[in-house]
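Heads up: the structure comes next, in structure tokens.
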Amino acid sequence: GTDPRPLLAKAIADVDEAIAIRGDTTSGYLQRGSVHLSMGLAEAARGADGRESFRKALADFETAAGLAPGSTQFMNRGGVYQGIARVEVGRGEDARESLRKAITEFDAEIALHPDSFLGHYSRGNAHKDLGDAEAARGVDPRATYFKSIDDYDQALRQRPRNIDCFNNRATAWLCLGL
């Protein structure tokens with residue numbers, strides 16, 4: 001498809017301008033962090049190292065959290081760590097530490113919002129990816145895959161017809177059977 005990076009660069013420039021006008025805006029830092037996250041993912045999808053964009057996303061999310069504690073900081077940071085893990089896997093690096101950081105962020109989200117669909121769903125994805133990373137490093141991944149299944153079960157209690165949850169849980173079951 002079309003490379004989104006030039007458009008994302010324009011979005012970053014616009015948010016930079018908004019922050020320059022009114023620097024204490026939580027929404028500006030959240031928006032810029034989200035665009036940096038998207039940039040990192042776009043870079044990774046094209047074989048580039050998106051970690052600098054992910055670092056910028058984390059910095060913006062930290063600033064937003066300082067301005068408005070309890071904002072979507074845990075979900076945002078968890079997503080960044082998953083993005084970093086994606087880059088690490090693509091480069092043949094060990095992604096387990098980044099995935100553990102993502103899980104920690106999703107744990108914090110779930111502690112604040114026990115019925116968070118996205119918290120459980122995202123943590124399920126991170127547990128499933130951690131299981132894959134463990135398997136790739138010769139570590140028994142079964143306990144981690146079972147954690148992902150538990151997370152998908154929790155997410156499905158919130159949204160019982162979510163197809164992605166069913167598909168991802170099926171993948172975790174498949175990984176257990178291999």
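The values are calculated or read from the model by the stated rules, or taken from the named source; none is laboratory data. From a predicted model like this one, the values you see are computed outputs, not experimental measurements. Backbone-built Cβ (ideal geometry, glycine too); neighbour counts: all protein chains shown. What goes into the accessible areas is simple: the full protein's heavy atoms, side chains included, and nothing from ligands, DNA or RNA. Shrake-Rupley method; radii C 1.70, N 1.55, O 1.52, S 1.80 Å.
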Response to the item:
Descending accessible area (1.4 Å probe), largest on the left, turns R157, R5 into R157, R5
Practice prompt. Provide the FRET efficiency to the nearest 0.05 for the T26-E93 pair, computing r from the beta carbons and using R0 = 22 Å.
Written response: 0.10
Response to the item:
FRET efficiency for A59 and V139 from the Cβ-Cβ distance with R0 = 41 Å, rounded to 0.05, comes out at 0.85
Worksheet item: Using the Kirkwood radius built from alpha carbon pairs, what does the Stokes-Einstein equation give as D for the chain at 25 °C and 0.890 mPa s, in µm² per second?
Response: 145
Worksheet item: Past the 21 Å Cα-Cα mark, which pairs from K101/K147; K56/K147; K10/K56?
Response: K56/K147
Worksheet item: How much accessible area per residue does the stretch 86-141 have, in Å², with a 1.4 Å probe?
Response: 48
Response to the item:
With Cα coordinates, the longest principal axis of the chain makes an angle with the long axis of helix 96-112, in degrees rounded to 10, of 80
Discussion item. Angle check, please: helix 51-67 long axis (alpha carbons) against the longest principal axis of the chain (alpha carbons), in degrees 0 to 90, nearest 10.
Written reply: 70
Discussion item. Using only the alpha-carbon atoms, how far is helix 117-136 inclined from the longest principal axis of the chain? Give it as 0 to 90 degrees, nearest 10.
Written reply: 70
Discussion item. Given the DSSP H assignment, sum -39500 (n - 2.57) over each helix run of at least 4 residues in the chain and divide by its residue total; what's the result at 222 nm in deg cm²/dmol, nearest 500?
Written reply: -26500 deg cm²/dmol
Fill in: Kirkwood Rh in Å, taken over all unlike Cα pairs in the stretch 136-178
10.8
Worksheet, complete the sentence: Net charge near T63 (other residues with Cβ under 10 Å of its Cβ; Lys, Arg +1; Asp, Glu -1) is -2
